[in-house]
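As structure tokens, the structure follows; a few thoughts come after it.
Derivation of every value follows stated rules applied to the coordinates shown; laboratory data play no part. Fair warning: this is a prediction, and the values are worked out from it, not measured in the lab. In this analysis, Cβ positions are derived from the backbone assuming ideal geometry, glycine residues included, and neighbour counts consider all displayed protein chains.
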Amino acid sequence: MTDQSAERLRMQDPRTQYPQPPFPKQPQSAPGLASKMDPTPDHGETSYVGHGRLKGRKALVTGGDSGIGRAAAIAFAREGADVAIVYLPNEEADAKEVLALIEAEGRTALALPGDITDQAFCSALVSDTVKGLGGVDILVINAAKQVSQPEIGDITAEQFDLTMKTNLYAMFWIAKAAVPHMAPGASIITTTSVQAVSPSETLLDYATTKAGIVAFTKALAKQMIEKGIRVNGVAPGPFWTALQPSGGQTQEKVSKFGAEVPLGRPGQPVELAPVYVLLASQEASFITGEIYGATGGNGVV
Ligand code: NAD
Ligand code: MG
């Protein structure tokens, strides 16, 4: 166990366990790099310890280069899984760090750069995973687009379309391509948000997709249990990731990020890793069709 992992697991007040606002303003262009964030997010690089709960599993994580997907990818590898990550080509720098961490666990790491708004790429990333890892047992549909706009008149048809394509169409295309390859015991995990039920006025199009993801997850869970496959969603509150300073929020909101929740700070991606590991693993054998919140105290419902 590293010093950082012992510190992460030490009994302590969760409000002060990780950085609290105010944060410096730090504009980046989308999709944003985790490596450029201040403070640097904790994705579990030195702080997550695995316990062999996903030994030999084959995992595919979209948006696995940074943020919540990166925390899931690192944790899956530490738990014994081979991991494929999908990311945009201009996120190669972040992705390289994750791929190296997966390989450091002695697991196979597969890089899948590309744009999930392209249907052909969504099919290809699934078949490349099946070829490269030998199957797909865990599918984490996590990549997303979030662009804050003051009001409906500021949302262009192009933005609306790209948000729908990234957050909803790609989810459908990827899940549809992956299901025929999945065996009983496999797990599909989507990433929704508190925005599905408590939408911000500045996230009209994004919040709409997050509500759609909840419905998709629950309906797919009902279908998939006929094949012995579980399907769940994770609903984060504010998490300290590149999505926010790269246009997901205004810089004013970034500097106060997390102040609005009872914990008074944003979550760090590693704080979601145990949730993804649980839902991916056989330990969650009775859990399907659920939306699992980690909101910093405001709750999902
Ligand atoms: P992030 O920016 O680190 O991850 C999002 C990833 O989506 C990017 O790294 C990128 O690789 C991928 N992506 C975006 N568009 C893509 C495209 N066209 N093709 C391929 N990949 C694309 O941010 P994050 O916060 O870790 O986001 C992960 C998930 O968490 C998202 O679904 C987001 O909606 C959700 N979420 C985040 C928060 C938060 O506060 N950070 C809160 C609730 C939900
Ligand atoms: Mg990224």
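Work through the residues other than THR163 whose Cβ is under 15 Å from its Cβ and net out their charges, Lys, Arg +1 and Asp, Glu -1. Local charge sum for THR163: -2. Just checking the listed ones, ALA219, ALA235, ALA71: in the Gaussian network model of the chain with Cα springs under 10 Å, the one fluctuating most is ALA219. Less than 5 angstrom separates the built amide H of TYR87 from those of GLY63, LEU112, GLY114, all sequence-distant by 5 or more or on a different chain. Net charge in the neighbourhood of LEU139 (other residues with Cβ under 14 Å of its Cβ; Lys, Arg +1, Asp, Glu -1) is +2. Relative to the Cα centre, the charge distribution of the chain, modelled as +1 at Lys and Arg Cβ and -1 at Asp and Glu Cβ, gives a dipole magnitude of about 740 debye. With a threshold of 18 Å on the Cα-Cα distance, the over-threshold entries among LYS96/LYS145; LYS58/LYS131; LYS25/LYS256 are LYS96/LYS145. Of all aspartates and glutamates in the structure, the ones whose alpha carbon falls short of 14 Å from that of LYS218, not counting any fewer than 8 places away in one chain, are GLU226, GLU290.
Could you please report the charge total around GLN195, scoring K, R as +1 and D, E as -1 over all other residues with beta-carbon less than 14 angstrom from its beta-carbon? All intermediate terms of the calculation are to be shown ahead of the outcome.
Numbers: positive: LYS145, LYS210, LYS253; negative: GLU201, ASP205, GLU260.
Surrounding charge for GLN195 is 0.
Annotation: the residues MET171, MET11, sorted from fewest to most other C-beta atoms within 10 Å of their own C-beta, follow the order MET11, MET171.
Shown here are the Rg and Dmax of the Cα trace of the range 49-294, at 16.8, 51 Å.
Using a Gaussian network model of the chain in which every pair of alpha carbons under 10 angstrom is joined by a spring, one finds that among ASP115, ASP65, ASP137 the greatest mean-square fluctuation is at ASP115. Ordering ILE287, ILE116, ILE229, ILE74 by the number of other Cβ atoms within 10 Å of each residue's own Cβ, fewest first, gives ILE287, ILE229, ILE116, ILE74.
Scanning residues 5 or more positions from ASN142 or on other chains, those with amide H under 5 Å from its amide H are THR62, with H placed 1.01 Å from N in the peptide plane. A full extension of the chain between GLN4 and LYS218 corresponds to an added length of 73.4 nm, given 0.36 nm per residue minus the alpha carbon distance. Fewest neighbouring Cβ atoms within 10 Å first, the residues SER193, SER187, SER200 line up as SER200, SER187, SER193.
Here the 3J(HN,Hα) profile of the range 27-32, calculated from phi with Karplus coefficients 6.51, -1.76 and 1.60 at θ = phi - 60°, is x, 9, 7, 5, x, x Hz, Gly and Pro shown as x. Dividing the mean sequence gap of close Cα pairs (under 8 Å, 6+ apart) by how many residues the range 79-185 holds gives a relative contact order of 28 percent.
Here the range 56-82 is scanned for amide nitrogen atoms under 17 Å from the site 7 Å beyond the Cα of LYS96 along Cα-to-Cβ, giving 65-66.
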